[in-house]
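Scroll down for the structure; my scribbles are underneath it.
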């Protein structure tokens with residue numbers, strides 16, 4: 001059976017002009033704003049009007065674009081050396097959209113699409129949204145391949161090993177016992193969790209597996225805490241909020257590991273490493289470190305290859 005591998009992600013603006021497109025598409029997503037279409041349109045317009053210029057400025061500090069597209073290309077280059085099938089990035093909110101890959105796959109007569117979510121934990125706001133997008137676009141193209149979705153890998157041994165490699169890299173030359181390790185996952189409104197989304201349970205399972213792995217290897221931190229970042233609006237979100245934890249320090253040496261991202265993006269490079277670093281500096285932390293995501297590390301490349309070849 002002729003196959004293709006599609007890497008599913010939200011995407012990140014390729015330039016400042018795409019910031020508005022990114023926000024419009026994200027807040028038009030029924031899995032992100034879970035309300036009727038009319039209310040969603042109204043709420044979306046309010047959020048975008050309020051945040052657009054600020055978000056553009058933030059991307060300006062990142063050189064005018066998200067690091068995510070470039071990092072995705074590097075990952076695909078490495079994967080192409082190990083997997084003998086076409087590999088495509090399929091972004092949810094900005095180009096390259098899924099239909100570019102799907103039209104090519106249809107033209108080339110590919111019979112199976114292997115979908116690898118770049119989200120380690122399953123959520124309706126991420127994996128489901130991306131998978132539904134693929135299914136809907138296939139329908140519009142009258143294209144009916146077999147669709148295989150790789151399962152969540154948040155607590156798989158090789159994923160935990162790849163994550164801890166990045167934490168250990170960030171701590172090179174430092175005494176881990178002097179630091180709090182903050183495992184920072186992207187937050188979600190509590191209402192989404194209450195409607196049955198498994199994300200919080202999987203994030204907690206991910207954090208627990210990391211703690212066990214580090215302990216087994218004799219790597220001890222002063223404390224390890226699970227926190228949530230990126231809250232938007234006034235509704236109840238998952239707690240504890242990273243900003244609150246940073247503003248009320250119990251310890252002034254911290255290393256942050258982005259728990260819910262496999263590739264660096266604005267939430268890690270801007271929010272964690274620029275915006276939150278400023279808070280830490282104002283409060284006079286002794287040290288503030290942000291670990292890198294896996295990006296195209298050999299361990300993460302091998303994990304993807306392993307999952308694809310097992311199908």
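The values are calculated or read from the model by the stated rules, or taken from the named source; none is laboratory data. Predicted, not measured: the structure shown is a model, and the values here were computed from it. Don't worry about glycine lacking a Cβ; one is built from the backbone with ideal geometry, like all the others, and counts go over all protein chains shown.
Computed values, structure above
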| item | result |
| --- | --- |
| Residue satisfying all of: in the stretch 187-202; in a helix (DSSP H, G or I) and out of contact with any strand residue (DSSP E or B) (no Cβ under 8 Å at 6 or more places or on another chain); nearest to residue 159 (Cα to Cα) among these | 202 |
| Leading residue by the ranking (farthest from residue 103 (Cα to Cα)) among those in the stretch 140-186 that are in a strand (DSSP E or B) and in the same structural domain as residue 205 (by TED's automatic domain parsing) | 180 |
| Filter result for residue 223 (exposed (fewer than 13 other Cβ atoms within 10 Å of the Cβ) and touching a strand residue (DSSP E or B) at 6+ places or on another chain (Cβ under 6 Å)) | yes |
| Test result for residue 197, under 22 Å from residue 11 (Cβ atoms), assigned by TED's automatic domain parsing to the domain that holds residue 237, at pLDDT 95 or above and surrounded by 20 or more Cβ atoms within 10 Å (Cβ to Cβ) | yes |
| Candidates 256, 243, 304 - the one that is modelled with pLDDT of 95 or more, surrounded by 15 or more Cβ atoms within 10 Å (Cβ to Cβ) and not assigned by TED's automatic domain parsing to the domain that holds residue 190 | 304 |
| Elements of type helices (runs of 4 or more DSSP H) contained in the stretch 203-311, each with 3 or more residues being closer than 29 Å to residue 148 by Cα and in contact (Cβ under 8 Å) with a residue 24 or more places away in the chain | 298-309 |
